[in-house]
Structures are given as C-alpha cells and as structure tokens.
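The values are calculated or read from the model by the stated rules, or taken from the named source; none is laboratory data. Only a predicted model underlies this, so the values are computations on that prediction, with no experimental measurement involved. Note: ideal-geometry Cβ built from the backbone for every residue, glycine included; neighbour counts use all protein chains shown. To get the accessible areas, we keep the full protein, side chains included, count just its heavy atoms, and leave off ligands, DNA and RNA. Shrake-Rupley method; radii C 1.70, N 1.55, O 1.52, S 1.80 Å.
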Amino acid sequence: MDILQIIIVIGVLMLIAKPLGNYLYHVFSNEPNRTDKVFGPVEKVIYMIMGLKNRAGMSWKKYAISFVTINFIFVAISYVLLRVQSGLPLNPNGIGDMEPTLIMNTIISFMTNTNLQHYSGESGLSYFTQMAVIMMMMFTSAATGFSVAVAFVRGITSKGKTVGNFFEDFVKAHTRVFFPLAIIVTLVLV
C-alpha cells in the first residue's frame, strides 16, 4: 500500500508540474496575461492601500532590504498583538498575554515557516491572535519565501540589473497563488 501511495503522489505531481509551472511563469513574468482580468482589480486596491505607486524592478540589494524590512514589521506587529492579546477582541475564554520568550519563539518559528508551537493553541491564543498572527504568518512567510525564490530564478535567468519588485511579487504570491490554492484545498477537504 505504501508503494501505491508513492506512485500516486509522483503521478499527480507529474500531471500538475507543467500546467502549474506555466501558470507561475505567467503570473511572475510581469507581462500582461489572462489572470490580470481576475486578480488585477484586487491587486490595484492592495497597491493603493500599500501606497505602492512605482512597481519598477529592484536590484538584489533593494529586494533583500525590502524582504528583511517587511518581515521585521510583521514580527513587530505580531509581538505587540500577542503581548496584549488579553485586551483584544474575540477572546471569550479570557486568555492572558503570552510570556515574552514564548512570543519570540512562536513568532520567529512561524515567520521562518517552521511552525514550532510550545503552547496549546486554544488555551494559549485567543481567536483574534490565532487569525491575526498565526494565520497571517502562515501566508506571509510562505509568500515572502516564494517571492525570494522567484527573484532568485529571475536573477539567474535574466541579463538585466533587476530581480523584480519585492512588493509586487509579495502581493501576487498572495492573490494569485496562496489564496486561490487555500480556497481549492478547502473545497477539496470539505
């Protein structure tokens, strides 16, 4: 039975590799494509909220600084939310604030996408902090890693001085890859 499962997984991966690879290429090629009609309006609103007017390509140094800066901001916001979770909404069980070292362990593990937990989910976090910190980190850590991987591939394959725009890649990873994938997986699991 174990061999059959391995064969099925390899078969499914072989079936989806080319269409998924083509889709990702078109999404991150920064050329107009069919997905712009569906996701373009949503992304324009996000860019407007972010204040991102110029989506010009970045050097690898600027891309790296943008990556580190956005992760630092997410860590800081998450730290504050976990530190004051007892006073935040959606806390019907009256869960208290987390201890500082546990907060740092939790935030860093989720930001690095290792998801190490030294607490019991429902007894250590309120509903709000589970949504605003843990779920946000699960999406953003994957999106930042995915964006850096796309930039790495661009850096290897392009002859220009740019590896793309981190913020544009970050938004596209969310809107065109991870949120649609989350919806599909949710429907399959239901």
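What translational diffusion coefficient, to the nearest whole µm²/s, does region 84-130 have by Stokes-Einstein, given a Kirkwood radius computed over alpha-carbon pairs, a temperature of 20 °C and 1.002 mPa s viscosity?
Roughly 196 µm²/s, to the nearest whole number.
Could you give the size of the charge dipole of the chain about its Cα centre, using +1 on the Cβ of each K and R and -1 on the Cβ of each D and E, expressed in debye and rounded to the nearest 20?
940 debye
Of the trypsin sites (Lys or Arg not before Pro) in region 52-110, which ones lie in a loop per DSSP and count no more than 11 other C-beta atoms within 10 Å?
Lys53
Got a sec? Charge dipole of the chain, +1 on Cβ for Lys and Arg, -1 for Asp and Glu; which of Val163, Val75, Val42 is way out at the positive end?
Ranked along the dipole, the leading option is Val163.
For Ala64 and Ile8, calculate 0.36 nm times their separation in residues minus their Cα-Cα distance, and state this gained length in nm to one decimal.
Answer, rounded to one decimal: 16.3 nm.
Based on the Cβ-Cβ distance from Thr112 to Met1, what FRET efficiency comes out when R0 is 41 Å, to the nearest 0.05?
Computed FRET efficiency for Thr112 and Met1: 0.75.
Kirkwood Rh over alpha-carbon pairs of region 1-63, then Stokes-Einstein at 20 °C and 1.002 mPa s: what D in µm² s⁻¹, rounded to an integer?
For these conditions, the coefficient is 142 µm²/s.
GNM, the chain, Cα, under 10 Å: largest mean-square fluctuation among Phe167, Phe67, Phe128?
It is Phe128.
Where does the chain land at 222 nm, in deg cm²/dmol rounded to the nearest 500, when only DSSP H runs of n ≥ 4 count, each adding -39500 (n - 2.57), divided by all residues?
-21500 deg cm²/dmol
How many Lys pairs in the chain lie less than 15 angstrom apart by Cα atoms, where the lysines are 8 or more positions apart or on different chains?
5
Remind me, relative contact order of the chain in percent, using alpha carbon pairs under 8 angstrom and six or more residues apart?
27 percent
Give a residue-ordered list of calculated ³J(HN,Hα) values for region 174-190 (Karplus: 6.51 cos²θ - 1.76 cosθ + 1.60, θ = phi - 60°; whole Hz; x for Gly, Pro).
Along region 174-190, the couplings run 6, 6, 9, 10, 6, 5, x, 5, 5, 5, 5, 5, 4, 5, 5, 6, 6 Hz.
Taking just the C-alpha trace of the chain, give me its Rg and Dmax in Å.
Cα only, the chain: 19.1, 56 Å (Rg, Dmax).
Could you pull out every residue, at least 5 positions away or on a different chain, whose amide H is within less than 5 Å of the one on Met98? Hs are placed 1.01 Å off N in the peptide plane, and Pro or chain starts have none.
When sequence neighbours closer than 5 places are left aside, the close amide H contacts are Gln85.
Top mean-square fluctuation among Leu116, Leu15, Leu24, Gaussian network model of the chain, C-alpha springs under 10 Å?
Among Leu116, Leu15, Leu24, the largest mean-square fluctuation in the Gaussian network model of the chain belongs to Leu15.
Calculate the translational D of region 57-140 in whole µm² s⁻¹ from Stokes-Einstein, where the hydrodynamic radius comes from the Kirkwood formula applied to all Cα pairs, the temperature is 20 °C and the viscosity 1.002 mPa s.
160 µm²/s
Counting only heavy atoms of protein chains, what accessible area per residue, in Å², does the chain have with a probe of 1.4 Å?
Computed with neighbouring chains in place, this is 64 Å² per residue.
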